[in-house]
Amino acid sequence: MESKASSEQELTPAEFQVYNSLAERMEYYHSAFRAHWRQIYQSCASGQKLSKGSQKAIITSGLSFCVQLQLHHHYEEKFIYPMLATRLPQFRPERHLTDQHDEIEQGIEIIQTYLTDCERRSEWFDVDALRTMMEGVQETLLAHLDDEVEALGAENMRRGWTPKSQIALSRGSCLSAGLGLGLTAEEAAALADQSRVDKITKPSLQSDFPLLTSSESSMAPKTVVIIGGSFAGLKVARGLLEAIQDDTIRVVMINPSEKFYYCIAAPRILAKPKAFRPDEYLIPIAPAFSHYGQRFQLIVGLATRIEEAGRTVTVAPAQGGLVTVPFDYLVLASGSSTKSTQQGFLVPYKPYGTTNLEPAIRSTQEAIAAATSIIVGGAGPIGIEFVGELLEAWSDKPKRSITLVSSTEQLLPVLKASAGNAAERFLVDRGVKLIKGHKVMDAVNNGSSWTVNLSNGQSLTADLYVSTAGVIPNSSYIPRDFLDAEGWVRIDDKFHVRSATSTKPHIYAVGDITSLPTRTMMKATEQVPILVKNLKADLEGSSTARPAYDVKAASDRKKLLMFVPLGSKTGTGQMMGFVPWGWMVAKIKGKDFFVSKAASMAGLA
């Protein structure tokens, strides 16, 4: 067993060559992927009118790339990562590299679905559309190709293997076959036969290849408290525990529920109760972090107060009473709610403060099913998706009516006008009554019906009123000095919280709770790596330059990526500057609202 001191000695050139061998081999294959990708992208970006032959060549090359990359990732996750993960935590499930795999898979699936359809119907091919799809995944893909090689570099590999065991690992036929794109028949057979793979990999995990360990730290761990088990909060927790893999930190998450609610699918969950099982969209949080042991703790309760000077958070636990939770660093990730949640209206699109989500969802489902007339307030993505789901759920019930109230003349005002027009045509053609350019001023529950008063003085009556308009910050526990005039948390470009007079170096905020203008799951996901890097530097006392978030670029609506299903068979949306076809939205999101990937998207799979 080598000591920590010896493992940190400078490697000789011969030792470096041994330890860096896997990185060099991986870089060989990654270079091929980069070249293939750039060739396709440059063909799309040429700006020239392409012949049918050139279009066919791009489609064939693109599908080939998708299949090769999927094969490569499959072998990595099935054979290579599990073997490396026994010594190197960054190769374990739900870490940065596998999170990148998930993001890349989603983007590649979009491209593959599109090209497969274009292969059958060449007239559907649009070079600008393909380029836009590629740009949606390009940054993550190219970063991953670099990050994975870096993780396999000599300085990392020496922490898990002796030179002798590294040589044996590099020669393993499982790795040789798994990294390659052109597999021989013998290699393919070896990978297909799990028993042969076991014989290859298992000896390298035994005591003849000793694991290098570090001495235990005598310092007390620093506590990072994260308020909110949102997409952003969960990914920050995972990212920190991955970035700092020893016992120098402890992450405490405070969340009103023990389960994560996959609210992206709320329109279908609520309109079609039988579409999904509750366990598909209500996912327990604690079990997904159990392998971190005492480094992670979930407190089920509601944060009620932050004491900045004393660095504590007051929590009202689900079982009653109050507890005080100390922190060294605090991350605010409590997200936002719709008015339907906070004003007591129906429909928990983003429930906050509810310890038991399932009864709240069930009661809403029952009320919607019993109604014969519904008024929906708000024509943003949630409102449009919800009406689309209602139309499909009520397709065999012609006597039911839906009224949609939009404060703007354009439906889906955050998207291009053509996307809003497509949604309007779809709804009007199916009998939805539209009231545009007027706001809902108030809604009164009369017991058996609702009365909705509009800004033009008109009053509407229906069995049920569902508000999807307006997003409200979950910020009641946050000091007023941290908030802007609308209640969102002010931050700088490093995600530090700002008051009117100073920046708070020990308090961060991320995701929907911040004053950043675009509040989507994808935007929250892209913010997390920057926050994690900056917080890691703070925790380690590093003086390195801190990455900054480009707010202007992130707020560019021309780069917005959003799919808005209108039921399960069509939809609209925006992909950068391109409005996708209805069939594409249906295939990509409309089929299940990504519920099949909910756990992995939230870092809980």
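For the reader, a short list of remarks on this structure follows.
- Any hit, the range 64-87, residues being assigned to a loop (DSSP other than H, G, I, E, B), in contact (Cβ under 8 Å) with a residue 12 or more places away in the chain, buried (at least 16 other Cβ atoms within 10 Å of the Cβ) and aliphatic (A, V, I, L, M): no
- Boolean, residue 472 is under 30 Å from residue 313 (Cβ atoms) and not basic (Lys, Arg): yes
- Candidates 524, 548, 485 - the one that is surrounded by fewer than 17 Cβ atoms within 10 Å (Cβ to Cβ) and closer than 21 Å to residue 141 by Cα: 548
- Taken over the range 494-520, the residue count meeting the criterion of being in a loop (DSSP other than H, G, I, E, B), modelled with pLDDT under 95 and within 21 Å of the chain's Cα centre (by Cα) is 6.
- Condition check for residue 147: charged (D, E, K, R), surrounded by fewer than 21 Cβ atoms within 10 Å (Cβ to Cβ), modelled with pLDDT of 90 or more and out of contact with any Ser or Thr (no Cβ under 9 Å at 6 or more places or on another chain): yes
- Where helices (runs of 4 or more DSSP H) fall entirely within the range 526-605, none has at least 2 residues that are more than 28 Å from residue 236 (Cα to Cα) and in contact with a Pro (Cβ under 6 Å, 6 or more places away or on another chain).
- Residue 231 satisfies every condition listed in (1) under 18 Å from the mean Cα position of the chain (by Cα); (2) at pLDDT 95 or above except (2).
- Some residue of the range 94-108 being under 30 Å from residue 525 (Cα atoms), touching a helix residue (DSSP H, G or I) at 6+ places or on another chain (Cβ under 8 Å), modelled with pLDDT under 85 and among the basic types (Lys, Arg): yes
- Residues located in the range 391-418, provided they are surrounded by 23 or more Cβ atoms within 10 Å (Cβ to Cβ) and either out of contact with any His (no Cβ under 9 Å at 6 or more places or on another chain) or within 22 Å of residue 560 (Cβ to Cβ) (or both): 404, 406, 411, 412, 415
- Cβ-Cβ distances below 8 Å connect the following pairs, each with a first residue in the range 488-511 that is within 13 Å of residue 528 (Cβ to Cβ) and touching a residue at least 40 places away in the same chain (Cβ under 8 Å), a second residue that is part of a loop (DSSP other than H, G, I, E, B) and polar (S, T, N, Q), and a separation of six or more residues or different chains: 511/230.
- Every condition in (1) at pLDDT 85 or above; (2) charged (D, E, K, R); (3) on the phi > 0 side of the Ramachandran plot holds for residue 131 except the one numbered (3).
- Test for residue 217: is it under 21 Å from residue 540 (Cβ atoms), at pLDDT below 95 and outside any helix (DSSP H, G or I): yes
- Filtered residue count, the range 294-307, keeping only those that are closer than 20 Å to residue 249 by Cβ and in contact with an Asp or Glu (Cβ under 9 Å, 6 or more places away or on another chain): 3
- Check on residue 604, under 30 Å from residue 485 (Cα atoms) and touching a residue at least 60 places away in the same chain (Cβ under 8 Å): no
- Lone qualifier among 136, 160, 107 - being in contact (Cβ under 8 Å) with a residue 60 or more places away in the chain, small (Gly, Ala, Ser) and either part of a helix (DSSP H, G or I) or surrounded by fewer than 19 Cβ atoms within 10 Å (Cβ to Cβ) (or both): 136
- The range 453-482 - residue that is of a type in the set (Val, Ile, Thr) and part of a loop (DSSP other than H, G, I, E, B) and, of those, surrounded by the most Cβ atoms within 10 Å (Cβ to Cβ): 468
- Checked against the criteria, residue 430 counts as basic (Lys, Arg), at pLDDT 95 or above and closer than 28 Å to residue 453 by Cβ.
- Residue within the range 240-253 that is within 21 Å of residue 92 (Cα to Cα), part of a helix (DSSP H, G or I) and in contact with a Phe, Trp or Tyr (Cβ under 8 Å, 6 or more places away or on another chain) present: yes
- Assessment of the range 38-61 against the conditions (over 23 Å from the mean Cα position of the chain (by Cα), surrounded by fewer than 19 Cβ atoms within 10 Å (Cβ to Cβ) and farther than 30 Å from residue 587 by Cβ) yields no matching residue.
- In the range 114-129, the residues that are assigned to a helix (DSSP H, G or I) and surrounded by fewer than 18 Cβ atoms within 10 Å (Cβ to Cβ): 116, 117, 119, 120, 122, 123, 124, 128
- Residue selected from the range 583-605 under the condition small (Gly, Ala, Ser) and over 19 Å from residue 382 (Cβ atoms), by the criterion modelled with the lowest pLDDT: 605
- Applying a threshold of 6 Å to beta carbon distances and a minimum spacing of six or more residues, or different chains, the list of pairs starting in the range 278-300 at a residue that is closer than 20 Å to residue 93 by Cβ and ending at one that is of a type in the set (Gly, Ala, Ser) reads 283/599; 285/229; 298/286.
- Matching residues, the range 434-452, being loosely packed, with under 14 Cβ neighbours inside 10 Å and either touching a helix residue (DSSP H, G or I) at 6+ places or on another chain (Cβ under 9 Å) or not in a loop (DSSP other than H, G, I, E, B) (or both): 441, 442, 444, 445
- The range 358-390 - residue that is of a type in the set (A, V, I, L, M) and surrounded by fewer than 20 Cβ atoms within 10 Å (Cβ to Cβ) and, of those, farthest from residue 271 (Cα to Cα): 360
The values are calculated or read from the model by the stated rules, or taken from the named source; none is laboratory data. Everything numeric here is computed off the predicted structure, so don't read it as measured data. All Cβ positions, glycine included, derive from the backbone under ideal geometry; neighbour counts span all protein chains shown.
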